[in-house]
Amino acid sequence: MILFLTYNDQPTGVYWSQVTDVVAHLNTLGGPRVRLLALVSARDFFGIRRKIRAHSPDAIVLPMVPRMKHWRANAMLVKAACRLLRPGGIVARGPLATWMALRARDAGLVRRVCFDGRGAYAAEWQEYRIIDDDRLIAQFPAVEQEAVRRSDLRIAVSHALVDHWRGHYAYAGDAHLVIPCTLGASHLAAANDPGAVRADLGFGPDDVVLAYAGSAAGWQSFALLEQAITPLLVAQPRVKVLLLCPPDPAIDALTANWIGRALRTWVDPSRVNAVLAACDMALLLRADTVTNRVASPTKFAEYLASGLPMIISAHIGDCSAQVQRERLGIVHQPGELLPTLERPTPDERDRFRAFALAHYTKAAHEAGYRRLLQLLAD
């Protein structure tokens, strides 16, 4: 058996696509059984456990030790699970979970540990203060360095992240896999009747609808996006913007300033694919930070799978170079005026979707997943 360990991750669409869907896919490959071990907040524990088990029925969901500052104490829960389940290996999502898994390995309770690196964690905590706690933030560089240097295998979401490890943590090996954030199950099927969805949203056949799915969270750089689209809305009357976001003062201010041109809505995750397919282009504009330079945004694959070309910043992980190389949209520099935008043709939409299915599905990275299972099972 292999455990897939997560610590304090929220049960959202990203968790389903990058954790529970991955566990399910690994269990189709004929290797050792993979089982999710999720340490979650004690607040609404039973509600969170119910959500996780709806996606991964045999998941082990435990309440973590309360308060993030006591995160190291959760190693005892991981050790107890290893004593009971006797796994051969652990895939640990993030440096904190990896630190716990390494303690189990050091105690002889598991043979191998894989660090599932989803980004530059120490940089992200410093740049965006994910938790407003200086002492906790100060711990992250050393913890992340240990995860990078002591794990038996590493998964990186981008080649840029591997370069970050080499430059910041003196990682010099080749025991890593590059597997970007892949599509969740809800984004694999082509959307039905996007024209009807488009009409329901109030967009006409001549409108060029730009989609933004996300929030006003710091790393999503909403202010940068607003700076880019404001002159676009002034210069190109056919352009409209659909914001798939929860309510937020910054987003509400934009829609109030552009009534009839900018619309905010929120839909169930199961409907996101259909709504995106009713749009024409996607916005992925983010600030030039370490966090974004190594990122593999889940929305990148989702936009392409919905048939949307991208308006993307020039420094987002491996994605910006792909857009340039494969003609998947526009690479935008801050301060540049965007060209006149047109709706993509059906053939172009098919090409974007085909690219997503070829490069951003779990099946597309099956060789890497098989290598992961083989190493942890040996």
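The values are calculated or read from the model by the stated rules, or taken from the named source; none is laboratory data. Nothing here was measured: the structure is a model prediction, and the numbers come from that model. No Cβ is skipped: glycine too gets one built from the backbone with ideal geometry, and neighbour counts run over all protein chains shown.
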- Would it be correct to say that ALA160 is outside any loop (DSSP other than H, G, I, E, B), within 26 Å of ALA287 (Cα to Cα) and assigned by TED's automatic domain parsing to the domain that holds VAL14? yes
- Assess whether LEU243 counts as being modelled with pLDDT of 90 or more, under 26 Å from PRO194 (Cβ atoms) and crowded, with 19+ Cβ neighbours inside 10 Å. yes
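Please specify each residue of the stretch 222-254 satisfying the condition of being part of a helix (DSSP H, G or I) and more than 26 Å from GLY13 (Cβ to Cβ).
GLN227, THR230, PRO231, LEU232, LEU233, VAL234, ALA235
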- Task: May I ask you to list pairs of residues, at least six apart or on different chains, whose Cβ atoms are under 7 Å apart, with the first in the stretch 186-204 being closer than 16 Å to MET281 by Cα and the second being buried (at least 19 other Cβ atoms within 10 Å of the Cβ) and of a type outside the set (A, V, I, L, M)?
- Result: ALA191/ASN273; ALA191/SER306; PHE203/LYS240
- Out of (1) assigned by TED's automatic domain parsing to the domain that holds ARG264; (2) under 29 Å from LEU26 (Cβ atoms); (3) at pLDDT 95 or above, the odd one out for ALA367 is which? (1)
- Unique residue being surrounded by 16 or more Cβ atoms within 10 Å (Cβ to Cβ), closer than 14 Å to PHE4 by Cα, within 23 Å of the chain's Cα centre (by Cα) and in contact (Cβ under 8 Å) with a residue 40 or more places away in the chain when the list is VAL61, VAL91: VAL91
- Note on the stretch 141-170: residues more than 20 Å from the chain's Cα centre (by Cα) and more than 30 Å from ALA24 (Cβ to Cβ) are PRO141, ALA142, GLN145, ARG149, ARG166, GLY167, HIS168, TYR169, ALA170
- Query: How many residues, within the stretch 321-363, are under 20 Å from LEU276 (Cβ atoms) and part of a helix (DSSP H, G or I)?
  - Reply: 17
- Scanning for something of a type outside the set (Gly, Ala, Ser), surrounded by fewer than 22 Cβ atoms within 10 Å (Cβ to Cβ), part of a helix (DSSP H, G or I) and free of Cβ contacts under 8 Å to residues at least 12 places away in the same chain, does the stretch 129-151 turn up at least one residue? yes
- Identify all residues within the stretch 106-120 that are in contact (Cβ under 8 Å) with a residue 12 or more places away in the chain and outside any loop (DSSP other than H, G, I, E, B); write none if there are none. ARG112, VAL113, CYS114, PHE115, ASP116, GLY117
- Hey, ALA235 hits all of (1) under 30 Å from VAL294 (Cα atoms); (2) modelled with pLDDT of 90 or more; (3) surrounded by fewer than 20 Cβ atoms within 10 Å (Cβ to Cβ) but one; which does it fall short on? (1)
- Query: Checking SER151 against (1) closer than 23 Å to LYS69 by Cβ; (2) touching a strand residue (DSSP E or B) at 6+ places or on another chain (Cβ under 9 Å), which single condition isn't satisfied?
  - Reply: (1)
- Do the conditions hold for PHE300, that is, is it within 30 Å of HIS159 (Cβ to Cβ), at pLDDT 95 or above and among the hydrophobic types (A, V, I, L, M, F, W, C)? yes
- Note on the structure: The condition of being surrounded by 14 or more Cβ atoms within 10 Å (Cβ to Cβ) and at pLDDT below 95 holds, among ASP9, ASP44, only for ASP9
